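Below is one structure, written out as structure tokens; comments come after it.
The values are calculated or read from the model by the stated rules, or taken from the named source; none is laboratory data. From a predicted model like this one, the values you see are computed outputs, not experimental measurements. For neighbour counting, all protein chains shown are included, and Cβ atoms are generated from backbone atoms with ideal geometry for every residue, glycine included. Heads up: the accessible areas ignore ligands, DNA and RNA and are worked out on the full protein's heavy atoms, side chains in. Shrake-Rupley method; radii C 1.70, N 1.55, O 1.52, S 1.80 Å.
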Amino acid sequence: MKIEHIAIWVKDLEQSRAFYQKYFGAVSNEKYHNPVKNFQSYFLSFENGCRLEIMTRPDIKESENSYESQQYGIIHLAFSVDNKQKVDELTEILRKDGYKVAGEPRTTGDGYYESVILDPENNIIEIVSH
């Protein structure tokens, strides 16, 4: 069994799609639009077969979505890269492009080398190497 996809509500569908395409190599399908429900989405596919569905609808309620003040539920997405150098390189590219680095690259207690950044919607993204 494998996870087929994970879905995230976003405010800015195009900005989120561009972020995951540019930095994580996602390949997007054509935009789906259901005018009756005023719903739009993209499926973003990654090379290992996992997919991320980003969705928007104007009536979705705001959440706190804060790195500092965590809540129950899905808390982060982790993207694996080849080595520690790639973690450092991608972290610096994201920093230079204006994204918040919430956790500097480090080795964790469970043996990962990781950094933590926030995507355009403040979702927590780990960049990891094991």
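Below are the figures for this structure:
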read-out	value
Near pairs, Cβ below 8 angstrom, 6+ apart or cross-chain, from the range 101-130 (in contact (Cβ under 8 Å) with a residue 60 or more places away in the chain and open to solvent by 40 Å² or more (accessible area, probe 1.4 Å)) to any residue that is part of a strand (DSSP E or B) and not hydrophobic (A, V, I, L, M, F, W, C)	none
Matching residues in the range 40-56 - criterion: being among the charged types (D, E, K, R) and under 17 Å from Pro120 (Cα atoms)	Glu53
Cβ-Cβ under 8 Å pairs, at least 6 apart or on other chains, the range 72-84 side in contact (Cβ under 8 Å) with a residue 40 or more places away in the chain and within 11 Å of Ile124 (Cα to Cα), far side exposed (fewer than 14 other Cβ atoms within 10 Å of the Cβ) and of a type outside the set (Phe, Trp, Tyr)	Ile74/Ile6; Leu77/Ile6
In the range 1-22, the residues that are surrounded by 13 or more Cβ atoms within 10 Å (Cβ to Cβ) and assigned to a loop (DSSP other than H, G, I, E, B)	Val10, Asp12
Identity of the residue in the range 64-95, in a helix (DSSP H, G or I) and in contact with a helix residue (DSSP H, G or I) (Cβ under 8 Å, 6 or more places away or on another chain), that ends up most open to solvent (accessible area, probe 1.4 Å)	Ile93
The lone exception for Gln40 - which of (1) part of a helix (DSSP H, G or I); (2) buried (at least 16 other Cβ atoms within 10 Å of the Cβ) it fails	(1)
Failed criterion for Lys31 (all others in (1) open to solvent by 70 Å² or more (accessible area, probe 1.4 Å); (2) in contact with a helix residue (DSSP H, G or I) (Cβ under 8 Å, 6 or more places away or on another chain); (3) closer than 30 Å to Glu104 by Cβ hold)	(3)
Within the range 47-63, considering residues that are touching a strand residue (DSSP E or B) at 6+ places or on another chain (Cβ under 6 Å) and either open to solvent by 70 Å² or more (accessible area, probe 1.4 Å) or of a type outside the set (Val, Ile, Thr) (or both), the one nearest to Pro35 (Cα to Cα)	Arg57
